[in-house]
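A.B. asks: My structure is below; once you've seen it, I'll send some questions.
Read-outs: derived from the displayed coordinates by stated rules, not from any lab. Everything numeric here is computed off the predicted structure, so don't read it as measured data. Cβ: placed from backbone, ideal geometry, glycine included. Neighbour counts: every protein chain shown.
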Amino acid sequence: MAPREVQPPKTTAEIGPRREAAKKVRDDLKTALGQEGLTDKEYAAIQKQYEAAKTQYNLLDDLYGKAEKAEKKAKVASGVTEFQQNVKDTATTAKVKAAETAAISASKTFQGDPNDTSKKDKKNAAYQTLNDLYDKADALGVNLPRIIAPIEGGGFGLVTAEAVPASVAETVATPKVATPRVLTRAESEALATGRELPEPTVADTLDTNNGLKDVRAKRADVTAGLAALKLPDTAANRQTVRDQIKAGKLPNIRNLPANVSGKGFDAGWQDRFKKEYPAYAWMLTELDQTKYADLFQLMNDAVKPGSEYTDELFQRKFIGTSWYTELAAGQTGRALTTAIGAYSWGEGQLAKFLTTATRMGYTDATLKSKAYEALFSKGADGKYVNPNAIGEVKASSQFLAIKKIGTSFLTPISDESVIDTLVGGRSSDDLMRTSRELAKAKFPHLANAIDAGVTLEDITYGYRRDAAQLLEVDPNTIDMSAGGYSAALGSMNNPMMSTAEWAAYIKGTPEFGWQFTKQANQQATDIGLTLARAFGKIQ
């Protein structure tokens, strides 16, 4: 029987655990290698095992790096497709929203004069148009909640909480209206200004003690009520809580302690989370717990008494939450990567910035400047909160492009000035203008050329090239603004050097070190041979 072919691991998910296991073996052997009391034979045996473990880890680490790079590339490709889908979704949603506004307006107009049949016809036509757009959206795969639904007997009616069982209203996208009713004043005002009715509303009921009382059971109240009564989150239990809120048996439901919320959440978990995961503490107040229930459940689970969560386990699960997926793979995340590239943000800092950017609506230049501002921000201790990103940004093409402005005019620009430009404190044009004026002040005899658009880098290109050849170095290592190199440009009283003058100047200035080059040594040798021949020392 032929041996079974074993496929090597190809994904980070497959390689990761093996890589971590190999790392542990390597580190354990390294520790064992350094212990006291080993004989030479024992040391040699452990060292051999350590070298083998190190080789294995390096192999897996290399495979992991390649797999991670491939997955990031694939993610970018999928992000483009997702972005195109988002564009389609946005266009479709915009059309539906416009039709919803028209339908609400027609409904309001009809309610103001319900005896006018022409207004009733316009309302019905608006409803039909809106329903057609809903159907087209469904066909495109854009699922939107509907504010109208079919009425038994024909036509459409606005969806209200009374017309749909409360246990169903929270889960279905297109509920069926059983019987239409006249909207309340509050509901009419809400519909006139937007698509959302007071959420979700129960019918007005009579209170025998106080007369007519408008009782509202909001989703957040129901969720808090479930936690207060320690009931599982089911449709039946949610209805029970609504009934109790309606009967006034759960007063001050919104004032329940923040630590008592969510399925299986124990009191005090948020305080523990703030202490153990301070970098993520801001999420407790900035994010919607109902919308991102899986994220809050993860945060709770990570700090439960007896929990065995490690930082690595938490991070691995964190990037799989609905919130992280929505933001990191969303339009803001892609726009951020396009604007500044990908950098190593500090723990929790990227997530925090994406949330702020999404909430504030940062786009284009604002998104770019705010991102750099966040990257270069410092904590209360005066240290950068994104230390790894600082060096990466300084090596980026955008940072170096601004630096090059100074190089072009032989006026070096400080890192602080570049950072100020990136965060929007000044523009690149301002730096260009300042560098140009400094160059004109330093070399006034070249002012006309500079004003004509010529840079000092253009003028000194030939000098730098010739100096590099003479000194046998890389041209990029020669700074024409430093040392005696700028002498090539001359002054108001001295013209710029010719090629011959420049070569003589380079060779004759000891600080440049031409005398130590191979050319100089060969030239000295040639001169020595010539003199020896002249005096008959050699034939």
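A.B. asks: Tell me, Met299, Met492 in order of fewest to most beta-carbon neighbours within 10 Å? Let's see the in-between values first.
C.D. replies: Numbers: Met299 28, Met492 9.
Ascending Cβ contact count within 10 Å gives the list Met492, Met299.
A.B. asks: OK, next. Show me 472-479, 282-289 ranked by packing, highest mean number of other Cβ atoms within 10 Å first. Before the final figure, lay out the partial values.
C.D. replies: Working: 472-479: 12.0, 282-289: 14.5.
Ranked from most to least packed, the peptides come out as 282-289, 472-479.
A.B. asks: Let me ask something additional. Set the Förster radius R0 to 35 Å, insert the Cβ-Cβ distance between Asn494 and Thr363 as r into 1/(1 + (r/R0)^6), and round the FRET efficiency to 0.05.
C.D. replies: On the way: r = 53 Å, r/R0 = 1.52.
Calculated transfer efficiency: 0.10.
A.B. asks: How far, in nm, would the chain grow between Asp40 and Tyr309 when pulled straight, counting 0.36 nm per residue and subtracting the alpha carbon separation? Mind showing how you got there, number by number?
C.D. replies: Numbers: separation 269, 0.36 × 269 = 96.84 nm, distance 4.08 nm.
Taking Asp40 through Tyr309 to full extension adds about 92.8 nm, to one decimal.
A.B. asks: Suppose R0 equals 45 Å. What FRET efficiency, 1/(1 + (r/R0)^6) with r the Cβ-Cβ distance, do Ala342 and Asp121 give to the nearest 0.05? Mind showing how you got there, number by number?
C.D. replies: Details: r = 57 Å, r/R0 = 1.26.
The formula returns an efficiency of 0.20 here.
A.B. asks: List residues of segment 298-319, by number, whose backbone nitrogen lies under 16 Å from a label position 7 Å along Cα→C-beta of Lys23.
C.D. replies: Under cut-off, by backbone N: 310-317.
A.B. asks: How far apart, in nanometres, would the label points at Lys108 and Asp271 be if each is projected 7 angstrom from Cα along the Cα-to-Cβ direction?
C.D. replies: Placing both labels 7 Å along Cα→Cβ, they lie 4.8 nm apart.
A.B. asks: While we're looking at this one, here's another question. FRET efficiency for Ala449 and Ala279, Cβ-Cβ distance as r, R0 = 51 Å, nearest 0.05?
C.D. replies: Numbers: r = 53 Å, r/R0 = 1.05.
The formula returns an efficiency of 0.45 here.
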